[in-house]
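Engineer: Would you mind keeping the following structure in view while I ask a few things?
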Amino acid sequence: MNKNLTQLIAIAQIDKEADALDPVMQDKQSVLDKLLAQKAKQEARLRALDEMQEEARLTIARNEGIIQANSQKIEDIQQRLVEPRSDREARTLSIEEDLSKEQIRHSNNEITRLNKELESRDAQISEINSEIETLKTSIQTTKEICEKEISQIKAQQQEIFKKKEVFIAAIDKKVITFYEKIRRWAKNTSVVPVKKQACGGCFIRLNDKLYSDILQSSEIISCPHCGRILYITQDSALPESQNGTEKMPKPPKTEHSFSFEGGDILSKMGASWFVSYAYYEKVDKTHENWDKISTAKSRINRYEKSKEFHTKWLKEILSMSDANLSKNEIGLDANSVKNMAQALLG
Ligand SMILES: [Zn+2]
């Protein structure tokens, strides 16, 4: 392989390692951010309550003013009522007196109500204040821990970058500039392996000419579809005839037992085979993948004897790993198996 390309693959790997630490730092920071947000929220509540207290105190003062003015008025009325000029005036004055008394009563009620509110809000305020104090303490502690951990991670990143410097020194400058340009948008998928004659970044198939160029050339070659730098791994360098899904060497026959009920029976029968046969039996009589293997007969026997588990198995299969489900000898991929299982569950 081209020396520059080897260095580049190493550099890309180093960048990936360094980038993987970013979310770790973000996680640490987010614990602190959460506490800070909680504190800000409580402080906002506090400000709102303070405003309400201020408003209530002003309203109380206004009501006290009303009471004072009306008391003065009542005093005046009472003096005039000692010698009214007429019955009519006496009546008017007495109505006015009643009105003032009513206003005083109303203002007194308001003051009582507002004082109660002030008291209950004072209790809330002192509660919030103590919460804020607690938060301040946790923030202080968390901040210290967080800063320490983050600086450790940053030091780790620095170490990683030092490794990178060594590779950069050994690589053609143009190549690294080219790589950094791609990295701006492709991030950690800037240098990708070719898989099954397709770009490992955009997954679009490479034509035969380009594919053989990559296999033979010592140049750095980019994917014509997305621009990522391509390289061949030992695996992807296998001739295409050995590299397709269908002609893959048979998977080793490892007996694995599923941990759920009846799992041992299912592992003998094969999860994909089970779905295939059930699909044939219940949904589509023309489906015959299950019949592709010589052991179908003994599997049918197991199938017939395990009906109590079938529904449970189908559900389990929906969450199985695609890689495992695809390891079957009846030519089904995981997606088809899961679709059939879903269809059987209805
Ligand atoms: Zn591509």
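The values are calculated or read from the model by the stated rules, or taken from the named source; none is laboratory data. Please read all numbers here as calculations on a predicted model, not as lab measurements. Cβ placement follows ideal geometry from the backbone for every residue including glycine, while neighbour counts extend to all protein chains displayed.
Engineer: Any residue at all in segment 3-15 that's assigned to a helix (DSSP H, G or I) and more than 30 Å from Ser217 (Cβ to Cβ)?
Structural biologist: The answer is no; no qualifying residue exists.
Engineer: Any idea which residue in segment 205-224 is nearest to the ligand (Cβ to nearest atom), counting only those that are part of a loop (DSSP other than H, G, I, E, B) and either under 19 Å from Val175 (Cβ atoms) or in contact with a strand residue (DSSP E or B) (Cβ under 6 Å, 6 or more places away or on another chain) (or both)?
Structural biologist: Only one residue fits best here, namely Cys223.
Engineer: Looking at (1) within 23 Å of Ser120 (Cα to Cα); (2) surrounded by fewer than 13 Cβ atoms within 10 Å (Cβ to Cβ), find the lone condition where Gln72 falls short.
Structural biologist: The number of the failed condition is (1).
Engineer: Out of all the residues in segment 328-342, which are of a type outside the set (Asp, Glu) and out of contact with any Gly (no Cβ under 9 Å at 6 or more places or on another chain)?
Structural biologist: Gly331, Leu332, Ala334, Asn335, Ser336, Val337, Lys338, Asn339, Met340, Ala341, Gln342
Engineer: Also: For segment 171-189, which residues satisfy the criterion of being within 11 Å of the ligand (Cβ to nearest atom) and not in a helix (DSSP H, G or I)?
Structural biologist: none
Engineer: Would you please list the contacts, defined by Cβ atoms under 6 Å and residues six or more apart or on different chains, that run from a residue in segment 194-205 that is free of Cβ contacts under 8 Å to residues at least 12 places away in the same chain to a residue that is more than 9 Å from the ligand (Cβ to nearest atom) and assigned to a strand (DSSP E or B)?
Structural biologist: Ala198/Arg205
Engineer: Then there is this: For segment 39-48, does any single residue satisfy the condition of being more than 30 Å from Cys146 (Cα to Cα), surrounded by 14 or more Cβ atoms within 10 Å (Cβ to Cβ) and modelled with pLDDT of 95 or more?
Structural biologist: Within segment 39-48, none of the residues are more than 30 Å from Cys146 (Cα to Cα), surrounded by 14 or more Cβ atoms within 10 Å (Cβ to Cβ) and modelled with pLDDT of 95 or more.
Engineer: Please work out which one of (1) among the aliphatic types (A, V, I, L, M); (2) over 41 Å from the mean Cα position of the chain (by Cα); (3) closer than 19 Å to Phe258 by Cβ is the condition Ala334 fails and give its number.
Structural biologist: (2)
Engineer: Follow-up. Given (1) touching a helix residue (DSSP H, G or I) at 6+ places or on another chain (Cβ under 8 Å); (2) under 30 Å from Ile125 (Cβ atoms), identify the lone condition not met by Glu96.
Structural biologist: Among (1) touching a helix residue (DSSP H, G or I) at 6+ places or on another chain (Cβ under 8 Å); (2) under 30 Å from Ile125 (Cβ atoms), the lone unmet condition for Glu96 is (2).
Engineer: Quick check on my filter: what residues within segment 326-346 are of a type in the set (Gly, Ala, Ser) and surrounded by 15 or more Cβ atoms within 10 Å (Cβ to Cβ)?
Structural biologist: Ser326, Ala334, Ser336, Ala341, Ala343, listed by residue number.
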